Amino acid sequence: MEILHKPILTEKMTIQGEKLNRYGFIVDRKANKLQIKQAVEKMYNVIVTDVNTANYMGKVKSRYTKAGMLVGRSNNYKKAIVTLKNGDKIDFYSNI
C-alpha cells in the first residue's frame, strides 16, 4: 500500500513550511497517523514530531453539454499535515 500519494504545493502550505516547519501530503485514506509518520521519516530522512489528518469528501460537480447535463463527483481524499523537528526541512523542488 502506497501511503504518501503526493505533496501539497500550495501558497498556504509553502508559507507554513517556511514559518512553522509544517508540510502537507495527500495520503491513503486508510492510513493512520503512525503509518504516515513512518512513511515521511523513511522517504525524506527527517524526524516528525506531530501529524494532523483531515478527511475530505469529494464535491458533486455538474456541467451542461450538447448531450445534456453530466453529473459526477471529484475523489474523496485524506490530507495529512506533518510537523518536523526544528532544523529539519523537506525540499520538494530538489528533483526538478
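The values are calculated or read from the model by the stated rules, or taken from the named source; none is laboratory data. These numbers were taken from a predicted model, which means no experiment stands behind them. Neighbour counts run over all protein chains shown; Cβ positions are idealised from the backbone, glycine included. With ligands, DNA and RNA removed, areas are computed over all heavy atoms of the protein, side chains included. Shrake-Rupley method; radii C 1.70, N 1.55, O 1.52, S 1.80 Å.
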Candidate aspartates and glutamates for bridging to K78, where Cα separation is under 18 Å - those fewer than 8 sequence places away on the same chain excluded: E2, D28, D50
Eligible lysines near K12 by straight Cα distance, threshold 17 Å, same-chain separation 8 or greater: K79, K89
Helix 33-44 versus the longest principal axis of the chain: what is the Cα-based angle in degrees, 0 to 90, to the nearest 10? 70
Can you give the charge dipole size of the chain about its Cα centre, rounded to the nearest 20 debye, using +1 on the beta carbon of Lys and Arg and -1 on the beta carbon of Asp and Glu? 580
So which lysines pass the test for K85, namely a Cα distance under 16 Å, with those fewer than 8 places away in the same chain ruled out? K19, K37, K42
Trypsin sites (Lys or Arg not before Pro) within segment 60-96, DSSP loop, no more than 15 other Cβ atoms inside 10 Å: K66, K85, K89
Just need log10 I(q)/I(0) for the chain at q = 0.19, 0.20, 0.21 Å⁻¹, Debye formula, equal scatterers on the alpha-carbon atoms, no solvent, rounded to two decimals. -0.89, -0.96, -1.04
Please give me the summed charge of the neighbours of I47: other residues whose Cβ is under 12 Å from its Cβ, Lys and Arg +1, Asp and Glu -1. +1
For n ≥ 4 DSSP H runs only, could you compute -39500 (n - 2.57) per run for the chain, divide by its residues and tell me the 222 nm figure to the nearest 500? -6500 deg cm²/dmol
Sort D91, D50 from largest to smallest accessible area, using a 1.4 Å probe on the heavy atoms of the protein chains. D91, D50
